[in-house]
Amino acid sequence: MDFHSTDGRPMSDSEAAAEAKRIIEENFRPPEPPVCHFPTSFRDHSPVPAYGDTPPVHQEDRRIVPAWAAGIAVASAGVGAGVTGIGCGAWLVLQGLASVTLTGVLMVTLPFASLAMAATAIGGAISRARSAVTKNIYEGPVTQKTEINNHSTTRGMFFARTCNDIHS
């Protein structure tokens, strides 16, 4: 190795290794932590003075506005917001009605028509289910007697009127 000492003569291997170790340790030494000399917590065990700085004391609730008035104010704000929503809904409905077309009317009535059709189908199914097949078994002779008397009269020529009297 060709290291030169401060007096100009070349260093031996042991001197060069010692100098390299000193330079490395000097340049790569970790920084020292900062010195902190203050406490992280403190508790005062001295007695509380009779007057002066004392701990907080519970204060009674003395509102300027009575509770009923605050309730009415909140309720009126809620009613106002609700009425605003109803007004916006009415505006939207009226805007829709202002641009009525046949297609629009059909699209609006389609859900009601389908609901009515479904209700009719369900009602028919329930009606058929209720009128179950009844089987009546009669014992003894059965006699059926049907007698129909029909008396028909027609009057008039151009504007004819027929009257049928059927007696059974």
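The values are calculated or read from the model by the stated rules, or taken from the named source; none is laboratory data. Model, not experiment: these values are computed from the prediction. No Cβ is skipped: glycine too gets one built from the backbone with ideal geometry, and neighbour counts run over all protein chains shown. Heavy atoms of the whole protein, side chains included, go into the accessibility calculation; ligands, DNA and RNA do not. Shrake-Rupley method; radii C 1.70, N 1.55, O 1.52, S 1.80 Å.
Annotations for the structure displayed:
Yes or no, residue by residue, for (1) open to solvent by 100 Å² or more (accessible area, probe 1.4 Å); (2) of a type in the set (Val, Ile, Thr):
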| residue | (1), (2) |
| --- | --- |
| Leu92 | yes, no |
| Gln95 | no, no |
| Val100 | no, yes |
| Arg130 | yes, no |
| Glu139 | yes, no |
| Val142 | yes, yes |
| Glu147 | yes, no |
| Ile166 | yes, yes |
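For every residue, the table says whether it meets (1) in a loop (DSSP other than H, G, I, E, B); (2) hydrophobic (A, V, I, L, M, F, W, C); (3) without any contact (Cβ under 8 Å) to a residue 40 or more places away in the chain.
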| site | (1), (2), (3) |
| --- | --- |
| Val100 | yes, yes, yes |
| Thr103 | no, no, yes |
| Phe112 | no, yes, yes |
| Leu115 | no, yes, yes |
| Ala118 | no, yes, yes |
| Ala121 | no, yes, yes |
| Gly124 | no, no, yes |
| Ala129 | no, yes, yes |
| Thr153 | no, no, yes |
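- Among the residues of the range 149-164, the ones that are open to solvent by less than 100 Å² (accessible area, probe 1.4 Å) and at negative phi come to 8 in all.
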